[in-house]
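Take a look at the structure set out below.
Derivation of every value follows stated rules applied to the coordinates shown; laboratory data play no part. What you are looking at is a predicted structure, and each value in this text was computed from that prediction instead of being measured. FYI the Cβ positions are ideal-geometry reconstructions off the backbone, even for glycines, and counts take in every protein chain you see.
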Amino acid sequence: MTETTQRRSTAPGTRPGKQDGATAPQGGRGSGASPETRGSTAIADTVVAKIAGMAAREIPEVHNLGGGMTRAFGAVRQRVPGGGSGVTQGVKVEVGERQAAVDLDLVVEYGAAIADTAADVRTNVVNAVERMTGLEVVEVNIAVDDVHLPDEEEGESEREEGQRRVA
């Protein structure tokens with residue numbers, strides 16, 4: 001507690017305990033360059049896709065991500081040991097040096113206002129990606145592929161979708 005009081009009472013740029021007015025070097029170790037300019041950071045597409053997928057799933061009205069066939073393959077992949085969690089299922093991204101674009105395929109819960117749900121997903125994805133990566137999200141395109149009915153079992157809509165294509 002005493003140390004905190006002493007630090008607050010010293011003038012900016014001076015070291016505690018020094019009375020001669022000597023200042024600490026700016027920029028650290030005398031290089032003159034800020035830490036942000038000492039190298040580059042590359043963010044992989046899969047990183048942005050995972051962030052966007054998790055952010056989209058945080059919205060309660062989103063039942064799942066991905067189209068019918070994507071969800072069917074995802075269900076099989078999850079049953080295979082080491083197949084992955086499917087966080088990026090239904091998510092496509094394009095990442096540049098400073099910008100990113102996200103495409104999402106959603107399945108929403110029955111009764112949800114689709115336009116409001118899409119707006120909530122878009123806001124959450126933009127905020128999460130920009131906060132975590134520092135990239136500017138230029139667009140989040142959302143395609144609602146299905147509506148999950150309350151009494152519908154998982155996988156039932158994929159069977160119906162397959163029957164519609166065959167018929």
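At a glance:
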{"quantity": "First in region 48-68 and in contact (Cβ under 8 Å) with a residue 12 or more places away in the chain, second anywhere and hydroxyl-bearing (Ser, Thr, Tyr) and not in a loop (DSSP other than H, G, I, E, B), Cβ under 8 Å, 6 or more apart", "calculated": "Val48/Thr133; Ile51/Thr133; Ile59/Thr117; Glu61/Thr117; Val62/Thr117; Gly68/Ser157"}
{"quantity": "Scope region 114-145; condition in a helix (DSSP H, G or I) and either hydroxyl-bearing (Ser, Thr, Tyr) or closer than 18 Å to Gln99 by Cβ (or both); matching residues", "calculated": "Thr117, Arg122, Thr123, Val125, Val126, Asn127, Ala128, Val129, Glu130, Arg131, Met132, Thr133"}
